[in-house]
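Okay, so here's the structure we're looking at.
Read the figures in this text as sums done on the coordinates, not as results from a lab. The structure presented is a predicted model; accordingly, all values stated were derived computationally and were not measured. Here the Cβ is made from the backbone with ideal geometry for all residues, glycine too, and neighbour counts use every protein chain on show.
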Amino acid sequence: MRDLSGLRAVVTGGASGIGLATARALAAQGAAVAVLDLDPDGVPEPLLGLKADISDDTSVRTAVDTVAARLGGIDILVNNAGIGAAGTVEDNSDEQWHRVLDVNVLGMVRTTRAALPHLRRAATARPGTAAVVNTCSIAATAGLPQRALYSASKGAVLSLTLAMAADHVREGIRVNCVNPGTADTPWVTRLLDAADDPEAERAALNARQPMGRLVTTEEVAAAIVHLSGPAAACVTGTALAVDGGMQGLRLRPV
Ligand code: NAD
């Protein structure tokens with residue numbers, strides 16, 4: 001069944017990891033999909049790759065309007081691009097706080113602001129189609145050690161999701177988020193590669209997961225596709241955990 005035939009989707013950070021898997025999964029369900037990324041080179045067909053920096057309002061507006069013109073509108077926005085940060089409150093400078101909040105939180109605000117006129121048109125033309133899905137994280141609520149800045153940014157994403165869901169429910173625009181646990185993406189590979197013994201580090205990371213393995217990008221993408229489409233027509237203001245049980249089972253990664 002191709003649930004999303006005829007719909008137009010845009011995915012930020014869609015050139016890698018969770019975003020790329022999501023863009024592919026949306027396309028597999030029949031949607032026309034554009035990817036906004038700092039580095040869209042190599043984004044595979046049939047995805048439309050556009051260069052955009054979500055920390056730059058002009059760049060975002062130009063890219064979103066280009067997507068709407070090329071695809072004939074926007075029904076689905078996946079706010080996925082984000083960056084990481086390690087450390088306690090003593091470890092990150094004000095500049096690092098500004099940068100991560102600027103990308104992880106304000107980046108979603110900018111993209112949503114630019115997409116809302118298009119989403120409203122979609123909601124009016126075809127009620128039930130307009131949806132926003134934000135990539136949040138279990139870090140929003142888990143109290144992870146050594147992740148003060150990243151966790152604060154994702155806590156803000158969770159609150160923003162709920163506020164946006166309330167603001168736009170009467171306009172027919174649904175807003176939800178996914179909370180991935182540790183997902184097997186290039187981001188995580190980069191972190192593991194920085195360790196003295198990456199293979200041992202990966203084995204230890206797997207062993208700390210309730211299911212003994214990381215979440216796959218396809219598993220996170222499947223949740224985003226669900227929240228984007230008609231199967232979730234009555235779902236808004238929710239956070240769907242895709243974390244192998246990390247939160248629900250009250251286990252904690254260290
Ligand atoms: P990734 O590094 O593999 O991909 C992120 C993509 O975002 C890259 O293509 C990058 O170029 C793009 N990007 C970064 N800054 C950008 C900007 N300013 N403008 C436009 N594009 C930008 O990362 P990932 O692991 O797939 O993470 C994607 C999202 O999932 C992030 O929001 C992250 O916080 C979240 N997340 C990841 C994990 C995990 O374990 N990997 C867990 C929970 C949540």
Percent of Cα-Cα pairs per 10 Å bin, from 0 to the last occupied bin, for region 133-242, please list those. 14, 39, 32, 13, 3, 0
Derived scalar couplings ³J(HN,Hα) [region 77-94; Karplus, 6.51 cos²θ - 1.76 cosθ + 1.60; whole Hz; x for Gly, Pro]: 10, 10, 8, 10, 4, x, 10, x, 7, 10, x, 8, 5, 7, 9, 9, 6, 4
Per-selection Kirkwood Rh - region 1-91 (Cα, Å, 1 d.p.): 13.4 Å
Describe numerically, in nm with one decimal, the distance between label points set 7 Å from Cα along Cα→Cβ at Leu192 and at Ala231. 2.8 nm
Within the P(r) computed for region 2-44, what percentage of the Cα pairs occupies the region above 11 Å? 56 percent
Once you've got the GNM for the chain with C-alpha springs shorter than 10 Å, pick whichever of Ala21, Ala148, Ala194 has the biggest mean-square fluctuation. Ala194
How large is Rg over Rh for the chain, taking Rg from the Cα atoms and Rh as the Kirkwood inverse mean of 1/r across Cα pairs? 0.96
Taking R0 as 30 Å, what FRET efficiency do you get between Glu45 and Ala200 from their Cβ-Cβ distance, rounded to the nearest 0.05? 0.20
For the chain, cysteines whose Cβ has no other cysteine Cβ within reach (under 4.7 Å): Cys234
Hey, what angle do you get for helix 107-125 against the long axis of the chain, alpha-carbon based, 0 to 90 degrees rounded to 10? 30 degrees
On a 0 to 90 degree scale, rounded to 10, what angle separates helix 198-207 from the longest Cα axis of the chain? 80 degrees
Kindly express, to the nearest 10 degrees and within the range 0 to 90, the angle between helix 217-228's C-alpha long axis and the longest C-alpha principal axis of the chain. 40 degrees
